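Inspection log for the structure reproduced underneath, given as structure tokens.
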Amino acid sequence: MQKGMVSKGMELFEKVLKKDPKNADALANIGSVQAREGNINEAIKYLNDALKLNPDQDVALTNLGKIYFSLGAFEGALPFIKKALFHNPDDFSLRYLLTFIYFKEGAMDKAIAQQLMLLGTNLNSSLLDNVNLMLSEIYLMKKEYSKCIRYASKVIKSNNESLEAYIILGIAYNKSGDSSKTIDSWEKAIKLME
């Protein structure tokens, strides 16, 4: 957002607050702007104030979840992300953050469930590749190599220049004992790195 637009937006939200100090939407939007400007403590204050007035204010829930996630406070982010997803179940970025939190916690089945929910939405090819790549990584961690291969292969079918997919595919083939496909995948990965 351009500086001028940010200033105009802040002015508008502050005018709304002067007329109605209990306007949760204005508080949440000021918090959102503060977060984008890097004023994290101010953002958290405004977003929490918005939630005190309206515990279901989705802009506040979403932004608090993203802020705590970006700070590495995954346990703090989790309740906000879950509640925001309740209101916006098709929000790709929130579902992806939730997947990552579950992945970091070792809750692989929960991570898989989140990614499979995303497959049921209308994704562009780039986002679809991200979901399939994440699923391949999770299945690799779970040592379910055939499923890993299936999802990594979908990425390569869509984008035959995906270095990550070839590397994951090579590891999965290696772990499953298919040396010729391992070599083929890694040779393709090496060519992409040249």
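Structure summary
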item	result
Taking the stretch 70-170 and dividing mean pair separation by its residue count, relative contact order in percent (alpha carbons under 8 Å, at least six apart)	17 percent
The chain, helix-only ellipticity at 222 nm - DSSP H runs n ≥ 4, -39,500 (n - 2.57), divided by all residues, nearest 500	-26000 deg cm²/dmol
Residue-by-residue Karplus 3J(HN,Hα) for the stretch 107-117, coefficients 6.51, -1.76, 1.60, Hz, glycine and proline x	8, 4, 5, 5, 5, 4, 4, 5, 5, 5, 4
Inter-probe distance in nm under a simple model that places probes 7 Å from Cα toward Cβ, at residue 16 and residue 175	4.8 nm
Dimensions (Å) - the chain, Cα atoms, principal axes, largest first	71, 33, 28
Calculated from backbone phi, Karplus (6.51, -1.76, 1.60) coupling profile of the stretch 120-134 in Hz, x at Gly/Pro	x, 9, 8, 9, 6, 4, 5, 5, 4, 4, 4, 5, 5, 5, 4
Portion, in percent, of the accessible area of the chain that falls on carbon or sulfur, probe 1.4 Å	53 percent
Relative contact order of the chain, defined on C-alpha pairs under 8 angstrom at six or more residues apart (%)	9 percent
Contact order relative to length of the stretch 62-108, as percent, for alpha carbon pairs under 8 angstrom and 6 or more apart	31 percent
Per residue accessible area of the chain, 1.4 Å probe, in Å²	57 Å²
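The values are calculated or read from the model by the stated rules, or taken from the named source; none is laboratory data. The structure presented is a predicted model; accordingly, all values stated were derived computationally and were not measured. Ideal geometry is used to build each Cβ from the backbone, glycine not excepted, and the neighbour counts take in all protein chains shown. Keep in mind that these areas ignore ligands, DNA and RNA; they rest on the heavy atoms of the full protein, side chains included. Shrake-Rupley method; radii C 1.70, N 1.55, O 1.52, S 1.80 Å.
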